[in-house]
Amino acid sequence: MDRTKEVEEATKELEEALAGVGIVLPSLGPDIVSYTHFSLPPLVELGRCSTEVARRLAAVLRERR
C-alpha cells in the first residue's frame, strides 16, 4: 500500500473510532516528519487534547480492558 494512503486511512479509521465513543482529538493527523521520510514508518500524530478529553479516553480504554 502507498505510504501516503496508509497513514491517511489509519488516521481516518482512528478518527471515526474515537468519534464513535464521543472523543475528538483536534490535532489528530499524519506525522509530517515520518510522512515525508522514507526510512521511517508512517506515523499518526495523536496531538494534544484537553484534560477532559484525556480522561474520557482513559475511561473508554479502561472499560474495554
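The values are calculated or read from the model by the stated rules, or taken from the named source; none is laboratory data. Everything numeric in this text was worked out from a predicted model, so none of it was measured. With ideal geometry, Cβ positions are generated from the backbone for all residues, glycine too; neighbour counts draw on all protein chains shown. SASA here: full protein model, heavy atoms, side chains in, ligands and nucleic acids out. Shrake-Rupley method; radii C 1.70, N 1.55, O 1.52, S 1.80 Å.
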At a 1.4 Å probe radius, which order do R56, R62, R48, R3 fall into by accessible area, largest first?
R48, R62, R56, R3
Evaluate the distance, in nm, between pseudo-label points positioned 7 Å from the Cα of V33 and of V21 along their respective Cα→Cβ axes.
2.8 nm
Tell me, what HN-Hα J-couplings in whole Hz come from the Karplus equation 6.51 cos²θ - 1.76 cosθ + 1.60 at θ = phi - 60° for each residue of segment 42-50, using x for Gly and Pro?
x, 10, 9, 8, 6, x, 9, 8, 6
Angle, helix 3-20 long axis vs. longest principal axis of the chain, Cα atoms, 0 to 90°, nearest 10?
10 degrees
For Cα Rg over 2.2 N^0.38 Å, calculated from these coordinates, the label among (i) 0.95; (ii) 1.74; (iii) 1.23
(iii)
Please give me the summed charge of the neighbours of T4: other residues whose Cβ is under 14 Å from its Cβ, Lys and Arg +1, Asp and Glu -1.
-2
What size of dipole, in debye to the nearest 20, comes out for the chain about its Cα centre when the only charges are +1 on Lys and Arg C-beta atoms and -1 on Asp and Glu C-beta atoms?
380 debye
Roughly what angle does helix 51-64 make with the longest principal axis of the chain, taking Cα atoms, 0 to 90 degrees, to the nearest 10?
90 degrees
Which of D2, D31 is most accessible, then next, and so on - probe 1.4 Å:
D2, D31
Over the chain, with neighbouring protein chains present, the accessible area per residue in Å² at probe 1.4 Å is 77 Å²
Test of understanding: what is the full-extension gain from E9 to R65, defined as 0.36 nm times their sequence separation minus their Cα-Cα distance?
17.6 nm
